[in-house]
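The values are calculated or read from the model by the stated rules, or taken from the named source; none is laboratory data. Since the structure is predicted, the reported quantities are computational estimates derived from the model, not experimental observations. Neighbour counts run over all protein chains shown; Cβ positions are idealised from the backbone, glycine included. What goes into the accessible areas is simple: the full protein's heavy atoms, side chains included, and nothing from ligands, DNA or RNA. Shrake-Rupley method; radii C 1.70, N 1.55, O 1.52, S 1.80 Å.
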Amino acid sequence: MSDASDDYDDDYGPGSDDGFGYESYEGSDYGDDGNDGFDDVKPESMKLKPYEVAYEVLSVGDIQRQQDKLIEQVASILGLSNQNAMSLLLFFKWNNDRLLEQYTEDPEGVLKKAGISIDDNEEFLYELKPVPGFFCDICCEDRKGLLTFALECGHRYCADCYRQYTTQKIVDEGESRNLTCAADCPVVMNDKSIQKIVEPAVYERYKTLLHRTFVLDNEHLIWCPAPNCEYAVKCDDVSAKDLTSVVPTVTCKCNHKFCFGCGLPDHQPSICALVSKWIKKCEDDSETANWISAHTKECPKCRATIEKNGGCNHMTCRKCKYEFCWICIGNWSEHGTSWYNCSRYDEKSGVDARDSQAKSRASLERYLHYYNRYANHEQSAKLDKDIFVRTEKKMTQLQSTSGMSWIEVQYLAQASAALQECRQTLKWTYAFAFYLERNNDTHIFEDNQQDLELAVENLSSLFGKPIQELAEIKVQVMDRTAYCNRRRENLLSDTAKGLAEGRWKYQVQIK
Amino acid sequence: MSLPKRIIKETERLVSDPVPGINAVPHEENLRYFDVTVDGPSQSPYEGGVFKLELFLPEEYPMVAPKVRFLTKIYHPNIDKLGRICLDVLKTNWSPALQIRTILLSVQALLGAPNPDDPLANDVAQRWKEDERAAIATAKEWTQTYAKPEPEAET
Ligand SMILES: [Zn+2]
Ligand SMILES: [Zn+2]
Ligand SMILES: [Zn+2]
Ligand SMILES: [Zn+2]
Ligand SMILES: [Zn+2]
Ligand SMILES: [Zn+2]
């Protein structure tokens, strides 16, 4: 993908230019699927679900092409060379709207401010050449045959000094947008002059820095936060002001799923502002949190120590066979037969029951209620994953004896993925619910939350079964997987609609 | 470890063709380290004061700016308690074509034209904006107290 960054910057790609550059969408997205080795992440952008946003994943090459396209667009509108159009764009931090607006008002003034010599001389060669009788003011060298370098302004120094100066700016100071003449002079060093004077590796660095600014300066672009990932994500429909009404979740080509708004891992259905409040709160209360997230509990009946060894919340004491719920330590039969009533925190009865308790105690308990469930799903997701990894290993070992093929066990991989995704969502439903006002809409939200939670625990319980039994329950696993995904979709859709129509009322101020 | 030609030339010129009101002498044991004095510009609150500074030329000089710091206590919105100076040519606007003498001239000019809108010493800048007359009086007082020229005439 690394584009050859040679001198012929103007691309002669057929159809790359149809008068005004229109949308900066990639031509490659249409028709010729799959020739670049990337699978299309959003083939059905026409029918987005309510909680989805349209986006596009850009490789470094794509970013370069978008840059080039923007430069060509500005050049053709203003009748400037690509070089000068690029320098102007850099000066305006890639904001072409502002550039066009200000340029139309005062072209000369804008060119001057941006340090561009007025006559648009594309033929300026930036030659490295000896000049008779030359003395370098920077290093005080005046050897015969000393190579020299100058921009359009004519401030000439020896090539070594100029190279050192430019390299220092790029490599040590990370400068790319605002490189000017080595003299105390505002004339900019454009792409061409930089390429002429520095080593190829430094020029590559310069290109990388430009890509970085291109993404950072554009509110519709974000780098994928996964370590070592070099993709960026483009989301044209979402601006900072929208983040109270939408949770823009994207999946990079590296598979990392994250929030376009804040860069954190997928936190649907909670909006960014509540997520950051919640994280802050959990950090502040980390001591209590530590206590809560302890991995062991006592059996409520016989007090034997019980370690949670899977994601399921349905616990059975090995010693006395008592069945109970990991979350509330309540009797499991109550959960199973009537309803899975473990996700709802009944605020009213809580307050009534302990009216003598101090208010702070009540609020801590309320927080712990939500935190406990939040942390539980986080931990359970890990345990589910562990089980899957172990199962997968055993499967491969048993493949020959059991006669099961690799394809046949893929339903387990799908179930595992669904569990991971649903628990991630559940986790954040608790952070979201923590901040919701108690009203009817919130009850509906919590009903959806319960439905999903029940679905997830039902699937998770199958997951812990011994490997020999897994083949027999394949259909059941598949059904429950599908059901989980449906419940998740329901919950996310309804929450997203609520966000869009401003249905949710919070207990805290959201800017 | 040998001194670059550029530094040698600059030093020679500072001695042979000194800037009026500015004195810069390199240390004998470290030719990159200069003892500097700058006279307070006339018509400024620093008039009559002689301010001591230190100037150091880093390894990368002239690709990076010299390090300059006031040693004499001074009441000025762009100079903080540690003597650090907020001056664009010492930071982002540095160019390798600038020299020690041009930098010191800029420092002297800064004494003549304090800029409380781009402050380094916030408390001083605040006062400068709220009650300029009082601030100037303090600056004069400090000049009298801390920047008095030494009685022994320097040769
Ligand atoms: Zn030179
Ligand atoms: Zn110049
Ligand atoms: Zn990525
Ligand atoms: Zn977010
Ligand atoms: Zn027990
Ligand atoms: Zn329970």
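Results for (1) within 16 Å of ligand 2 (Cβ to nearest atom); (2) among the aliphatic types (A, V, I, L, M), shown as yes or no for each residue.
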site	(1), (2)
A:E101	no, no
A:I116	yes, yes
A:L128	no, yes
A:G133	no, no
A:I138	yes, yes
A:G145	no, no
A:F149	yes, no
A:C158	yes, no
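When you scan the range A:469-480, do you find a residue that is open to solvent by 40 Å² or more (accessible area, probe 1.4 Å) and closer than 24 Å to A:H369 by Cα, even just one?
Taking every residue of the range A:469-480 in turn, none turns out to be open to solvent by 40 Å² or more (accessible area, probe 1.4 Å) and closer than 24 Å to A:H369 by Cα.
Run down A:T213, A:T249, A:T208, A:T244 and say which single residue is closer than 23 Å to A:L492 by Cα and away from ligand 3 (no atom under 16 Å from the Cβ).
A:T244
B:V38 - would you say it is touching a Leu at 6+ places or on another chain (Cβ under 7 Å), closer than 16 Å to B:L111 by Cβ and in contact (Cβ under 8 Å) with a residue 40 or more places away in the chain?
yes
Are there any strands (runs of 3 or more DSSP E) wholly within the range A:258-342 with 2 or more residues that are at pLDDT 70 or above and away from ligand 3 (no atom under 16 Å from the Cβ), and if so which?
A:314-316, A:323-325
Return a yes/no flag: does the range B:51-65 have any residue that is within 25 Å of A:D137 (Cα to Cα), in contact (Cβ under 8 Å) with a residue 60 or more places away in the chain and open to solvent by 30 Å² or more (accessible area, probe 1.4 Å).
For the range B:51-65, residues within 25 Å of A:D137 (Cα to Cα), in contact (Cβ under 8 Å) with a residue 60 or more places away in the chain and open to solvent by 30 Å² or more (accessible area, probe 1.4 Å): absent.
Residue pairs, Cβ under 6 Å, 6 or more apart or interchain, first in the range B:122-140 and under 15 Å from B:D80 (Cβ atoms), second outside any helix (DSSP H, G or I). List them.
B:V124/B:P77; B:A125/B:P77; B:A125/B:P116; B:A125/B:P119; B:W128/B:P77; B:W128/B:P116; B:A139/B:P45; B:A139/B:Y75
Please work out which residue is farthest from B:I136 (Cα to Cα), limiting yourself to the range B:5-25 and to residues that are open to solvent by 50 Å² or more (accessible area, probe 1.4 Å) and in a loop (DSSP other than H, G, I, E, B).
Residue satisfying both the conditions and the ranking: B:D17.
Take B:E28 and decide whether it is open to solvent by 60 Å² or more (accessible area, probe 1.4 Å) and within 30 Å of A:R163 (Cα to Cα).
No.
Restricting to the range A:138-192, name every residue that is in a loop (DSSP other than H, G, I, E, B), within 12 Å of chain B (Cβ to nearest Cβ) and acidic (D, E).
Selection gives A:E141, A:D142, A:E173, A:E175, A:D184.
Could you tell me which numbered condition B:L105 fails, if it satisfies all but one of (1) part of a helix (DSSP H, G or I); (2) away from chain A (no Cβ under 14 Å)?
(2)
Across the range A:186-232, what is the number of residues that are open to solvent by less than 40 Å² (accessible area, probe 1.4 Å) and either within 16 Å of ligand 1 (Cβ to nearest atom) or aliphatic (A, V, I, L, M) (or both)?
Count: 14.
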